[in-house]
Ligand code: F0G
């Protein structure tokens with residue numbers, strides 16, 4: 001059989017609210033042309049994020065009912081700890097309410113003025129937490145990682161020579177840790193090869209720098225390794241994931257992705273002194289170490305979700321369904337970042353709207369057009385999210401201008417995706433009508449969440 005089907009059936013459904021184009025015209029204007037400010041009820045297909053939008057399984061919902069809500073020493077915590085220690089091999093496991101809480105705690109230990117923290121590509125909240133602590137966040141993707149049209153198996157890799165050069169330039173004593181994000185979300189959901197994890201590990205070992213893995217999408221990354229890297233085809237995804245973890249000194253995870261839950265995360269460490277300091281910050285800001293700002297039932301759902309994410313029938317369907325969207329768009333001439341990522345398709349806004357300069361936010365123009373056209377919510381990952389203005393008032397944009405269509409796990413079926421394809425192809429055909437935007441309000445950090453725009 002050639003057709004890869006969803007390896008689940010649907011037990012519980014939610015209605016989608018339909019809107020007309022006229023209604024959406026008014027709604028997007030009211031939201032200041034920022035889709036983060038829309039009411040979700042006014043969205044037909046929500047591809048804003050794959051984070052916390054997962055449909056949980058019947059087993060997970062049953063686990064929720066079995067959660068032990070004790071403040072301290074909950075049974076659900078011990079179950080969660082057992083699953084995580086077995087999977088990751090790390091000595092200390094600290095639950096948090098979501099990924100950025102782990103980032104904040106880590107930065108309170110390793111951050112501060114004068115410190116430099118490299119990553120293949122920092123996600124926006126990771127960068128913000130590092131910068132907020134006074135440290136500098138440096139992206140070191142491989143060259144093909146910032147070339148949307150280049151097809152390569154592991155475009156999420158870190159440039160190991162650039163890492164060596166950075167350490168030489170700033171001094172190893174100023175690099176308190178190195179991060180590596182699996183898969184590389186800001187770089188297009190692209191995987192990191194096992195060889196690259198090993199090579200980064202070797203550089204870190206040489207300079208005595210701890211390597212902390214950002215493992216939000218570790219299962220998707222492990223599946224890509226199984227499919228694409230020599231020597232891994234016959235290994236189970238679980239064993240591949242374990243090998244990935246074995247090269248880290250610790251990991252942080254937003255379990256809202258491959259943890260298959262609506263909220264949750266963790267910080268896992270081998271360094272006992274760091275773990276002690278992390279737990280102190282945790283108690284002040286998140287909660288007691290056996291719940292970390294979560295309901296204990298959430299720990300139960302996470303323990304089950306982390307196992308389900310490693311199911312190879314699920315991962316085969318997952319990667320294939322994202323690839324399906326990418327293939328159809330490409331066949332229709334829509335420029336996408338290639339190859340398709342694990343959790344999302346990224347439109348290449350620079351080529352899609354080559355008549356709109358980066359300073360006028362071509363990605364945001366596409367995001368607004370997709371909402372108007374079909375009620376689809378996507379997100380800009382380009383000059384809105386990462387752009388700045390230099391001392392002479394000029395716009396400085398990131399390497400790529402992208403629009404991400406993130407696919408929530410186990411939520412949409414193929415006909416939803418076919419609808420999305422139709423809408424994007426329609427917008428692409430009329431792309432020359434799209435206009436840029438001007439930002440009229442921005443917050444000092446993570447401006448994309450709350451920014452206001454006007455159409456030019
Ligand atoms: N690291 C990566 C690679 C992420 O993609 C995210 C979140 C985080 C850390 C932070 O986790 O949201 O639980 O605090 N990414 C979401 C997204 C928001 O839409 O890609 P969080």
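No lab work stands behind these numbers, since they all come straight from the coordinates. Since we're looking at a predicted model, the values are computed, not measured. Don't worry about glycine lacking a Cβ; one is built from the backbone with ideal geometry, like all the others, and counts go over all protein chains shown.
Mean projection of the alpha-carbon convex hull of the stretch 133-258 over all orientations, in nm²?
Its Cα hull, projected and averaged over all orientations, spans 8.0 nm².
Relative contact order for the chain: what percent, with Cα pairs under 8 Å and sequence separation of 6 or more?
23
Share of antiparallel DSSP beta bridges in the chain, in percent to the nearest 5?
70
Want the number for residue 277 to residue 430: 0.36 nm per residue separation, take away the alpha-carbon distance, what's left?
My answer for the length gained is 49.6 nm.
Compute the Rg to Rh ratio over the stretch 261-407 from the alpha carbon atoms, using the Kirkwood formula for Rh, and round to two decimal places.
1.10
What is the antiparallel percent of DSSP beta bridges lying wholly in the stretch 58-308, to the nearest 5?
Close to 50 percent.
Sorted by mean Cβ packing within 10 Å, highest first, what order do the peptides 263-271, 193-201 take?
263-271, 193-201
Suppose R0 equals 51 Å. What FRET efficiency, 1/(1 + (r/R0)^6) with r the Cβ-Cβ distance, do residue 234 and residue 71 give to the nearest 0.05?
0.65
With all pairs of different alpha carbon atoms counted, what Kirkwood hydrodynamic radius in Å does the chain show?
By the Kirkwood definition, the hydrodynamic radius is 22.4 Å.
Would you please calculate the Kirkwood hydrodynamic radius of the stretch 298-353 over all C-alpha pairs and express it in Å, rounded to one decimal?
12.9
Nearest-5 percent of antiparallel DSSP beta bridges in the stretch 206-281?
The antiparallel fraction comes to roughly 60 percent.
How far apart, in nm, are two points set 7 Å out from the Cα along the Cα-to-Cβ line at residue 13 and at residue 61?
In this crude spin-label approximation the distance works out to 1.4 nm.
For a footprinting-style exposure proxy, rank 299, 48, 446 by other Cβ within 10 Å, fewest first.
Placing the least packed residue first, the sequence is 446, 48, 299.
Could you tell me what a quarter of the Cα convex hull surface of the stretch 320-456 works out to, in nm² with one decimal place?
Computing the convex hull of the Cα atoms and averaging its projections yields 8.5 nm².
Taking a point 7 angstrom from the Cα of residue 21 along the C-beta vector, which residues in the stretch 403-442 have backbone N less than 18 Å away?
419-435
Taking the Cβ-Cβ separation of residue 173 and residue 270 as r and a Förster radius of 22 Å, what is the calculated FRET efficiency to the nearest 0.05?
0.60
For a quick check: sort 415, 76, 57 by the number of other beta carbons within 10 angstrom, fewest at the front.
415, 57, 76
For the residues 384, 281, what sequence is obtained by ranking on other C-beta atoms within 10 Å, fewest first?
281, 384
Assuming a ≥ b ≥ c are the square roots of the Cα gyration tensor eigenvalues, decide whether the stretch 333-389 counts as rounded (a/c under 1.5), prolate (otherwise, with a/b larger than b/c) or oblate.
Since a/c stays below 1.5, the shape of the stretch 333-389 is classed as rounded.
Convex hull volume of the Cα atoms in the stretch 58-308, per residue, in Å³?
Each residue corresponds to 114 Å³ of Cα convex hull volume.
List the relative contact order of the stretch 188-251 as a percent without decimals, with contacts defined as Cα pairs under 8 Å and 6+ residues apart.
Relative contact order, the stretch 188-251: 42 percent.
At 222 nm, what value in deg cm²/dmol follows for the chain if DSSP H runs of at least 4 each add -39500 (n - 2.57) and the sum is divided by all its residues, to the nearest 500?
Calculated from helices alone, the mean residue ellipticity at 222 nm is -12500 deg cm²/dmol.
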